[in-house]
1. Six or more apart or on different chains, Cβ atoms under 9 Å: show the pairs whose first residue is in the stretch 90-116 and without any contact (Cβ under 8 Å) to a residue 12 or more places away in the chain and whose second is part of a loop (DSSP other than H, G, I, E, B).
2. Taking the criterion of being in a strand (DSSP E or B), in contact with a Ser or Thr (Cβ under 8 Å, 6 or more places away or on another chain) and in contact (Cβ under 8 Å) with a residue 12 or more places away in the chain, would at least one residue in the stretch 135-146 satisfy it?
3. Given the options Val46, Val52, name the one that is within 20 Å of Val166 (Cβ to Cβ), modelled with pLDDT of 95 or more and assigned to a strand (DSSP E or B).
4. Being in contact with a Pro (Cβ under 8 Å, 6 or more places away or on another chain) and assigned by TED's automatic domain parsing to the domain that holds Ala80: is that true of Ser105 here?
Amino acid sequence: MFAGLRLCYNRAMNFIARLLAAAVACVALLTPPAFAQQSATPNSAVAGPYRVSIQFTPSQPLYATSAAAKAAGVVTGLIAVAGDGPVTLAATPAPTAFLAVQIVSASTGALVHDADVSIMVTPSAGGAPLQMQVARVEELGKGSGSAEYGNNVALKPGDYTVNVNVNGKGETWFHITLH
């Protein structure tokens with residue numbers, strides 16, 4: 001009788017240990033890396049007739065259309081409405097960050113729509129610069145009032161200089177760190 005009870009106990013403990021190990025592995029996979037905007041320059045700067053604000057977060061699901069987002073069951077998210085297509089989370093190499101800029105008129109504060117934006121990301125330690133694919137993205141359901149320019153991007157941990165050019169009239173740099 002005790003041998004049967006011991007076998008049952010050992011199986012239960014083995015199951016619990018495997019369950020806990022799986023839970024720890026899931027948490028490790030779902031915990032985004034730490035992001036920071038550490039910079040000698042602020043996260044907003046004047047670039048010619050524009051004010052450019054940078055956003056740097058973990059990679060995010062991006063959809064090509066509102067219909068594609070809704071078909072995926074998404075009620076909040078980002079839609080790439082113009083420019084380059086979205087870099088999806090399934091892209092190779094896998095994106096590690098979402099980098100976008102919001103552009104407003106420096107004189108009026110009005111959101112700038114349909115800008116020609118280029119974003120170049122260069123490792124501060126040296127290495128080849130990356131010309132980002134730039135899409136105009138909007139939040140699902142919020143329309144053009146939420147417009148930003150950017151995309152998901154695959155970056156390794158480190159310091160980067162981000163060069164943003166708007167309509168060939170304004171250019172600025174930001175420094176970001178990916179931990």
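1. Thr92/Ala154
2. yes
3. Every option except Val52 fails the conditions.
4. Yes: the conditions hold for Ser105.
Let's see how each residue does on (1) basic (Lys, Arg); (2) surrounded by fewer than 12 Cβ atoms within 10 Å (Cβ to Cβ); (3) under 18 Å from Arg51 (Cα atoms):
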| site | (1), (2), (3) |
| --- | --- |
| Ala71 | no, yes, no |
| Val117 | no, no, yes |
| Leu130 | no, no, no |
| Glu171 | no, no, yes |
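The values are calculated or read from the model by the stated rules, or taken from the named source; none is laboratory data. Small disclaimer: the values here were computed from a predicted structure and weren't measured. FYI the Cβ positions are ideal-geometry reconstructions off the backbone, even for glycines, and counts take in every protein chain you see.
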